[in-house]
Amino acid sequence: MALATETKFTLKDYKAADPRWCTGCGDYGILVALRRFMADKQLNPASVVNISGIGCSGRIPHYMNTYGIHSIHGRAIPVAMGISLARPDLQLFIESGDGDALSIGGNHLIHGINKNFNCVFVMMDNQIYGLTKNQTSPTTRQGLATNTQPQGSWLKPINPVQFAMGLGASFVASTAEWLTSHIVEVIEAAYAHKGFSFVHVAQRCPKFNPTAWEAKESNWYSFLQHEKGVKADTKYGPDAAIIEHDPSDLGQAFKYAMMDHKHFGVYYQDTSKACYDDIVRSATDKAVKQPRSGLLDRFKI
């Protein structure tokens with residue numbers, strides 16, 4: 001009797017619908033990178049959940065042939081954590097824009113990072129509110145004219161990488177949607193990490209913020225690489241410097257994050273930080289195994 005052929009998932013198996021974003025939008029590259037990663041890892045679509053908030057990034061779950069939740073603005077993290085507590089067997093990916101993650105969702109991002117539950121958090125940063133058409137976001141560069149600040153954004157932008165490390169994230173990386181191999185490798189490294197993996201993705205928005213990232217040039221950024229980690233993508237960044245960096249060195253990671261010159265790669269990784277979902281499940285298991293007290297019996301709890 002012949003053995004059944006093992007199922008092999010292809011890129012098409014992760015496609016649910018044709019995406020609809022503006023021409024040239026960086027979201028296309030991020031979507032393809034997620035599909036490429038899942039095909040490379042042969043993740044069963046039935047074991048994956050994509051959760052998003054509101055914004056252009058919020059459409060990702062609609063375009064992925066996996067389970068998905070298009071949640072409310074800024075609240076993807078608590079939704080994902082609920083899934084993590086109930087179904088630890090599922091693979092969680094959260095997609096969030098710079099406004100969704102750092103503005104209305106900033107409070108949830110703080111506690112998601114602190115609780116360190118197991119997920120890959122992809123922050124898609126085009127430095128503008130794109131879906132609502134050109135409002136200042138937390139990462140909009142100072143002086144850029146927008147619909148809400150036509151004379152130019154007043155404040156210096158939030159640095160997402162510095163923000164995440166300052167909150168104690170156990171994994172922090174940055175990449176760009178036009179670095180087609182690099183972004184897949186970064187997502188793979190984030191997925192392999194146990195805990196809240198924060199992945200910042202530089203993303204172009206040619207419609208409302210065409211000067212956000214100088215994708216055609218590579219002399220404004222460098223690659224951080226480690227001999228056992230993500231390598232530089234010199235095909236799309238031939239002029240970018242390559243820096244050997246130990247991701248366990250938090251102090252050096254902060255120095256790179258605070259520079260005006262940008263860096264792509266894994267900044268920091270801590271494999272010793274406890275995960276909230278593991279702690280909760282352990283406490284629940286202990287409570288279930290303990291004998292019922294007389295008081296609980298009395299009230300039939």
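Quick note: the coordinates plus some simple rules give every number you see, no bench work behind them. Keep in mind that this is a model prediction, so the values were computed, not measured. For neighbour counting, all protein chains shown are included, and Cβ atoms are generated from backbone atoms with ideal geometry for every residue, glycine included.
What fraction of the DSSP beta bridges in the chain is antiparallel, stated in percent and rounded to the nearest 5? DSSP beta bridges in the chain are roughly 15 percent antiparallel.
For the pair residue 239 and residue 155, a Förster radius of 41 Å applied to the C-beta separation gives a FRET efficiency near 0.85, rounded to the nearest 0.05. The eigenvalues of the Cα gyration tensor, multiplied by 5 and square-rooted, give region 162-288 an equivalent ellipsoid with semi-axes of 31, 16, 13 Å from largest to smallest.
Bridging of residue 289 to lysines at a Cα separation below 30 Å is possible for 115, 194, 273, 300, once same-chain residues fewer than 8 apart are set aside. Working note: 222 nm ellipticity from helices only, DSSP H runs with n ≥ 4, each -39,500 (n - 2.57), summed and divided by the residues of the chain, gives -8500 deg cm²/dmol to the nearest 500. Extent of region 179-246 along its three principal axes (Cα atoms, max minus min coordinate, largest first): 37, 26, 17 Å. Treating each Cα of region 20-284 as one equal point scatterer and applying the Debye formula with no solvent, the log10 of I(q)/I(0) at q = 0.14, 0.15 Å⁻¹ comes out as -0.92, -1.08. Computed 3J(HN,Hα) for region 258-270, one whole-Hz value per residue from the Karplus formula 6.51 cos²θ - 1.76 cosθ + 1.60 where θ = phi - 60°, is 8, 6, 5, 5, 8, 9, 10, x, 8, 7, 8, 8, 10, glycine and proline marked x. If we count every other residue with Cβ under 14 angstrom of residue 52's Cβ, Lys/Arg +1 and Asp/Glu -1, where does the sum land? Counting the neighbours of residue 52, the net charge comes to -2.
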